[in-house]
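Asker: The structure's right below; bear with me while I get my questions together.
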Amino acid sequence: MELAQVYDALTPLRAPLQRGEYDLHRMVREALMNAGLPAAHEVRLAPRCRIDLMCGDIGIEIKRGKPVPARLLPQLTRYCACAEVAGLLLVSEGRVRLPATLCGKPVRNLSLNQLWGIAL
């Protein structure tokens, strides 16, 4: 699976701001399934290391609001250190500046606010 393929499958998604994080999990999973990309929910990668979704070998972490990079980066790095993860997509309401790679694996952020075409 390609990271760009998963990213592109989620760009039509328009999530209302008042949704809870598990509502976003469901919406992202449904968007992937509608694009013909099955995804597994709450996948355990290692002890005390569970990612929100796996779409093939692409990990997807979902965050409400604008996550704080100092707390987020260690979590994403743990995911990228796992052999099952070939790339990582962060789906968040706000845009987060992320490195292009973690542990040598590609990383992207899909900002739900940007999909609406507004800056919040």
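The values are calculated or read from the model by the stated rules, or taken from the named source; none is laboratory data. Computed from a predicted structure; not experimentally measured. Glycine also receives a Cβ, built like all others from the backbone with ideal geometry; neighbour counts cover every protein chain displayed. These area figures cover heavy atoms from the full protein model, side chains too; ligands, DNA and RNA do not enter into them. Shrake-Rupley method; radii C 1.70, N 1.55, O 1.52, S 1.80 Å.
Asker: Kindly provide the set of residues from the range 1-48 that are polar (S, T, N, Q) and open to solvent by 60 Å² or more (accessible area, probe 1.4 Å), ordered by number.
Answerer: If the condition is that a residue be polar (S, T, N, Q) and open to solvent by 60 Å² or more (accessible area, probe 1.4 Å), then Gln5, Gln18, Asn34 are the ones that fit.
Asker: Given the conditions (1) at pLDDT 95 or above; (2) more than 22 Å from Ser111 (Cβ to Cβ); (3) charged (D, E, K, R), report the number of the one that Asp52 does not fulfil.
Answerer: Checking Asp52 against (1) at pLDDT 95 or above; (2) more than 22 Å from Ser111 (Cβ to Cβ); (3) charged (D, E, K, R), the one that fails is (2).
Asker: Under 8 Å by Cβ, and 6 or more places apart or on different chains, what pairs join a residue from the range 63-76 that is at negative phi and open to solvent by 70 Å² or more (accessible area, probe 1.4 Å) with one that is part of a helix (DSSP H, G or I) and of a type outside the set (A, V, I, L, M)?
Answerer: Qualifying pairs under 8 Å: Arg64/Glu21.
Asker: For Val91, indicate whether it is crowded, with 18+ Cβ neighbours inside 10 Å, touching a Ser or Thr at 6+ places or on another chain (Cβ under 9 Å), in contact (Cβ under 8 Å) with a residue 60 or more places away in the chain and not charged (D, E, K, R).
Answerer: yes
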